[in-house]
Structure formats: structure tokens, C-alpha cells
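> Please read through the structure below; I'll follow up with questions.
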Amino acid sequence: MGNSLEGQQIVVVGGNSGMGLALCAQLMKMRCEVLIVGRSKDKLEAAREQLCEFGKPRLHQADVTREEEVRRLFEEAGTVDHLVCTAADVRGAYELLPLLELDALDRAIRSKVVAPILLAKHSAQRMPAHGSITLTSGIAAYRPRPKGIAVAAINAALEGAVRAMAVELAPLRINAVSPGWVHTPIWNNVAGADSERLLASMAERLPVGRIGTGDDIADAIVFLLGNGYTTGTVLHVDGGHRLV
Ligand SMILES: NC(=O)c1ccc[n+]([C@@H]2O[C@H](COP(=O)([O-])OP(=O)(O)OC[C@H]3O[C@@H](n4cnc5c(N)ncnc54)[C@H](OP(=O)(O)O)[C@@H]3O)[C@@H](O)[C@H]2O)c1
């Protein structure tokens, strides 16, 4: 049985949408104290509204690619037992190479590689020995498709950082979850109007016969937060996608 998370203070960057929002609901049901971080005030407030049946999470508006905003986040957050980051800004990052703009590549790298490193830099020394950091990689690193070069590289880089952080920041535990295809708003930026068709055809190919849900990934993150013997690990939750 894992460590109890009840009463723990957990920061969820990206908790205003998709799998981060599903995680916040699970954590609040477990009586954790949740602080949700995102850039959009409207999305933060909409998330709090959606979570109201479980309690009232704290909200913090910040762009975690900006070091000053990350520094302020942890100065204002108070005690933090665990940090989770599901943030990603992949607008324009899924493109064939001749069409890939440097701005989009830079934005995606900053949101998924630079931001987690900044978050770890400013939170680790404030966290208790039982603390942990859980980051979000993804299937693109393992089963790349055309238009996937940027995100494949980014996820692989993030996983390298996870292993190095698990060594340098010990006894804090640092892990990543690697989702397969999960039905969330990010698909508006991944494949736009083609999303539903792509997701349906992938569901047919996957051994589990369906696309993932935010709750599938949230379950795995809850495991990583609570299991005191897991660090430097990438936990794949992909419906068997790496096998097909
Ligand atoms: N969904 C999938 O099929 C899938 C598959 C493999 C991997 N993943 C990975 O799983 C993670 C979560 O994805 P999701 O599908 O839950 O995405 P999502 O619904 O788009 O949620 C991501 C959230 O991150 C926040 N965010 C982005 N940039 C930020 C920044 N600079 N500072 C603060 N917050 C920021 C956004 O909120 P604001 O706009 O308010 O900032 C957004 O609500 C991502 O790392 C994604 O790459 C997803």
C-alpha cells in the first residue's frame, strides 16, 4: 500500500484542463489540498467550478515558462508536498518538417522541458523528504508519426531530465507518466478537425480497444505520488500503443 496522500499539499500545473483536471478531482476526493496553476484565469475559474462538488481548490495564474512567475508561485504557495506538471503548449508543433516554425518548436520545448526544470529548480528545496515531482511525457517519443518530430524529441528530453533529477534531487522522488492518446482539449492543437477521426481509428488498433481518459492517467499519477519506492521511472499508460 502507498503512502497516504490525505491532507497533502499538491500543486498541479495544467490542472485547469484534460488529465490535470481529472487528477485534481481524484486528489480532492482523497482529501488532498490542491493548488491549480495555469495561464488562463477563465480556465482556472472554470476548473474550480467543475470541481466544486469536491471542495474548493486554490488557483494560481502563472506562465511556468517564465522563471519570475515560477519563483513567485512557490513563494506564495506555502507548503508543497508534491508537484505535478501536465502543462503543454503544442500549438503549431505537430507539423511536417518543412512547415515547422521555430516559434512553435520553441514554445513547445519551453512548456514541456524548460518549464519542468524551472518548476523543479524552485520547488525542490522547499519540499519535505517524502515529496515528489511527477512530469508528463508521451507516446510520441516511442511511436512517432509524421508531424511528430518536435514532440518526440521533447518527450525524450523530458525523460532524460527525470532520470537526472531523480539522482540529484533525492530523496525527493521524480517520475514521469507517459500517456498514449487521451481524449482531452489538447487535440484541438494536435490535429484540429481531424481529431475525432484519428482518435476513432486509433481506438480500433489499440489492444484495449479504446482511447484513454483523463482518469486513466490520473490513476497512474496518484500511484506515482503515493509509492515511496518508485523514482526515476517512466510509467506508460497507453492502452498498449507501444505494441501496435
Ligand atoms: N492528450 C493526449 O492524447 C496526450 C498524449 C500524450 C501526451 N500528452 C501530454 O499530457 C500532458 C497533458 O495533456 P492534456 O491532454 O491534459 O492537455 P490540455 O488539456 O491542453 O491541458 C494542458 C494545460 O496546460 C496548461 N499550460 C500550457 N502551457 C502552460 C504554461 N506555459 N504555463 C502554465 N500552464 C500551461 C494549459 O492551461 P493554460 O492555457 O491556462 O495555460 C492547459 O490547460 C501534456 O504534457 C501532453 O503533451 C497528452
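> Cβ-Cβ distance below 8 Å, separation of 6 or more or different chains: which pairs start in the range 143-157 with a residue that is over 22 Å from residue 114 (Cα atoms) and end on one that is surrounded by fewer than 17 Cβ atoms within 10 Å (Cβ to Cβ) and of a type outside the set (A, V, I, L, M, F, W, C)?
Here the result reads 143/242, each pair linking the range 143-157 to a residue that is surrounded by fewer than 17 Cβ atoms within 10 Å (Cβ to Cβ) and of a type outside the set (A, V, I, L, M, F, W, C).
> To continue, here is another question. Answer with yes or no whether residue 218 is within 11 Å of the ligand (Cβ to nearest atom), of a type in the set (A, V, I, L, M, F, W, C) and in a strand (DSSP E or B). Before the answer, list the steps.
On the way: within 11 Å of the ligand (Cβ to nearest atom): yes; of a type in the set (A, V, I, L, M, F, W, C): yes; in a strand (DSSP E or B): no.
Against the criterion (within 11 Å of the ligand (Cβ to nearest atom), of a type in the set (A, V, I, L, M, F, W, C) and in a strand (DSSP E or B)), residue 218 does not qualify.
> Quick check: anything in the range 215-230 hydroxyl-bearing (Ser, Thr, Tyr) and either at positive phi or under 17 Å from the mean Cα position of the chain (by Cα) (or both)?
no
> On to the next question. Inside the range 26-39, can you point out the residues that are within 13 Å of the ligand (Cβ to nearest atom) and either surrounded by 24 or more Cβ atoms within 10 Å (Cβ to Cβ) or small (Gly, Ala, Ser) (or both)?
Step one: list which residues in the range 26-39 are within 13 Å of the ligand (Cβ to nearest atom), which gives 35-39.
36, 37, 38, listed by residue number.
> Sort out which residues of the range 67-101 are in contact (Cβ under 8 Å) with a residue 40 or more places away in the chain, closer than 17 Å to residue 11 by Cα and among the charged types (D, E, K, R), and write them in order of number.
Listed by number, the residues that qualify are 67, 71, 81.
> Also, I was wondering about something else. Looking only at the range 195-215, count how many residues are within 30 Å of residue 170 (Cα to Cα) and buried (at least 20 other Cβ atoms within 10 Å of the Cβ). It would help to see each step written out before you state the result.
Here is the first cut: in the range 195-215, the residues within 30 Å of residue 170 (Cα to Cα) are 214-215.
Add one more test, that the residue is buried (at least 20 other Cβ atoms within 10 Å of the Cβ), and what stays is 214.
Looking only at that region, the number is 1.
> Which pairs turn up if I take residues in the range 22-51 that are at pLDDT 95 or above and look for partners that are basic (Lys, Arg) and open to solvent by less than 90 Å² (accessible area, probe 1.4 Å) with beta carbon separation below 9 Å, at least 6 apart in sequence or on another chain?
These pairs meet every condition: 36/48.
> Another question, then. Looking at the range 233-242, is at least one residue within 14 Å of the ligand (Cβ to nearest atom), assigned to a helix (DSSP H, G or I), open to solvent by 50 Å² or more (accessible area, probe 1.4 Å) and at pLDDT below 95?
Of the residues in the range 233-242, the ones within 14 Å of the ligand (Cβ to nearest atom) are 234-239, 241-242.
Now drop any that are not assigned to a helix (DSSP H, G or I), which leaves 241-242.
Still in the list and also open to solvent by 50 Å² or more (accessible area, probe 1.4 Å): 242.
If we keep only those that are at pLDDT below 95 as well, we get none.
No - not one qualifying residue is present in the range 233-242.
> Follow-up question, since we're still on this one. Specify the residue that is most open to solvent (accessible area, probe 1.4 Å); the eligible residues are those in the range 40-97 that are assigned to a loop (DSSP other than H, G, I, E, B) and charged (D, E, K, R).
Residues of the range 40-97 that are assigned to a loop (DSSP other than H, G, I, E, B), as a first pass: 40, 51, 55-57, 62-66, 78-81, 86-96.
Now drop any that are not charged (D, E, K, R), which leaves 56, 63, 66, 81, 89, 91, 95.
Numbers: 56: 159, 63: 29, 66: 133, 81: 15, 89: 10, 91: 104, 95: 61 Å².
Ranking the candidates gives 56 first.
> Name the single residue, out of those in the range 160-205 being among the polar types (S, T, N, Q) and within 12 Å of the ligand (Cβ to nearest atom), that is nearest to residue 231 (Cα to Cα).
Our first condition is that a residue be among the polar types (S, T, N, Q); within the range 160-205, this holds for 175, 178, 184, 188-189, 195, 201.
Adding the requirement that they be within 12 Å of the ligand (Cβ to nearest atom) leaves 178, 184, 188-189, 195.
On the way: 178: 14, 184: 27, 188: 33, 189: 31, 195: 34 Å.
The residue in question is 178.
> Residues 157, 153, 164, 170: which one is surrounded by 15 or more Cβ atoms within 10 Å (Cβ to Cβ), under 19 Å from residue 235 (Cβ atoms) and out of contact with any His (no Cβ under 6 Å at 6 or more places or on another chain)? Can you show your working first?
On the way: 153 fails: under 19 Å from residue 235 (Cβ atoms); 164 fails: surrounded by 15 or more Cβ atoms within 10 Å (Cβ to Cβ); 170 fails: surrounded by 15 or more Cβ atoms within 10 Å (Cβ to Cβ).
Unique residue meeting the criteria: 157.
> Let me ask something else. Take the range 109-137 and flag every residue that is surrounded by 20 or more Cβ atoms within 10 Å (Cβ to Cβ) and either away from the ligand (no atom under 15 Å from the Cβ) or in a strand (DSSP E or B) (or both).
Of everything in the range 109-137, those that are surrounded by 20 or more Cβ atoms within 10 Å (Cβ to Cβ) and either away from the ligand (no atom under 15 Å from the Cβ) or in a strand (DSSP E or B) (or both) turn out to be 127, 131, 132, 133, 134, 135, 136.
The values are calculated or read from the model by the stated rules, or taken from the named source; none is laboratory data. These numbers were taken from a predicted model, which means no experiment stands behind them. Glycine gets a Cβ as well: all are built from the backbone with ideal geometry, and neighbour counts include every protein chain shown. Accessible surface areas use protein heavy atoms only, side chains included; no ligands, DNA or RNA. Shrake-Rupley method; radii C 1.70, N 1.55, O 1.52, S 1.80 Å.
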